[in-house]
1. Out of region 1-17, which residues are aliphatic (A, V, I, L, M) and surrounded by 11 or more Cβ atoms within 10 Å (Cβ to Cβ)?
2. Go through region 20-33 and report how many residues are in a helix (DSSP H, G or I), surrounded by 14 or more Cβ atoms within 10 Å (Cβ to Cβ) and more than 12 Å from the chain's Cα centre (by Cα).
3. Output the number of the condition that Gly31 fails; it satisfies all remaining conditions of (1) within 24 Å of Met82 (Cβ to Cβ); (2) without any contact (Cβ under 8 Å) to a residue 24 or more places away in the chain.
4. Note down all Cβ pairs under 8 Å where the first residue falls in region 65-78 and is on the phi > 0 side of the Ramachandran plot, the second is surrounded by fewer than 11 Cβ atoms within 10 Å (Cβ to Cβ) and not in a helix (DSSP H, G or I), and they're at least six residues apart or on different chains.
5. Please determine whether any residue of region 34-44 is surrounded by 13 or more Cβ atoms within 10 Å (Cβ to Cβ), without any contact (Cβ under 8 Å) to a residue 12 or more places away in the chain and farther than 25 Å from Thr3 by Cα.
6. Would you be able to say whether some residue in region 73-82 is of a type in the set (D, E, K, R) and in contact with a Gly (Cβ under 8 Å, 6 or more places away or on another chain)?
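Laboratory data are not the source of any read-out in this text; all were calculated from the coordinates shown. What you are looking at is a predicted structure, and each value in this text was computed from that prediction instead of being measured. Every residue, glycine among them, receives a Cβ derived from its backbone with ideal geometry; neighbour counts consider all protein chains shown.
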Amino acid sequence: MITYAIYFAFACFGAALLMNLWRILTSDGVGVRVLALDTLVINTIALLILYGLAIGTEIFFEAAMIIAMLGFVSTVAYARFMLRGNIIE
C-alpha cells in the first residue's frame, strides 16, 4: 500500500513541479517568479525525499537538506536584491 502512496505522491509533486515551471516562464512580475522558484525548490525537496523513501537510502535526505539551505539563502538574497538593488553592503 505504501508503494502506491509513494507513486501517487510522485505524480502530484511532479505535476506541481511542471506548474511551477509554467508559472516561472509565463509570469510578468518578478515577485511572482521568485515565489514560483521558491515553491519549485520545495517541490524538488519533496521529490528527493520521496525517491529516498522509494529506494530505501538516506543519502537523498542529506541532499534534500543541502538544497533546502541553498534555496533559503537564494530566496533571501534575491528578495534583498529586489528591495535594495545590491546583495552585499
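1. Of everything in region 1-17, those that are aliphatic (A, V, I, L, M) and surrounded by 11 or more Cβ atoms within 10 Å (Cβ to Cβ) turn out to be Ala5, Ile6, Ala9, Ala15, Ala16, Leu17.
2. Within region 20-33, residues that are in a helix (DSSP H, G or I), surrounded by 14 or more Cβ atoms within 10 Å (Cβ to Cβ) and more than 12 Å from the chain's Cα centre (by Cα) number 3.
3. Going through the list (1) within 24 Å of Met82 (Cβ to Cβ); (2) without any contact (Cβ under 8 Å) to a residue 24 or more places away in the chain, Gly31 breaks only (2).
4. Hits for this filter: zero, empty list.
5. For region 34-44, residues surrounded by 13 or more Cβ atoms within 10 Å (Cβ to Cβ), without any contact (Cβ under 8 Å) to a residue 12 or more places away in the chain and farther than 25 Å from Thr3 by Cα: present.
6. No, because not a single residue in region 73-82 is of a type in the set (D, E, K, R) and in contact with a Gly (Cβ under 8 Å, 6 or more places away or on another chain).
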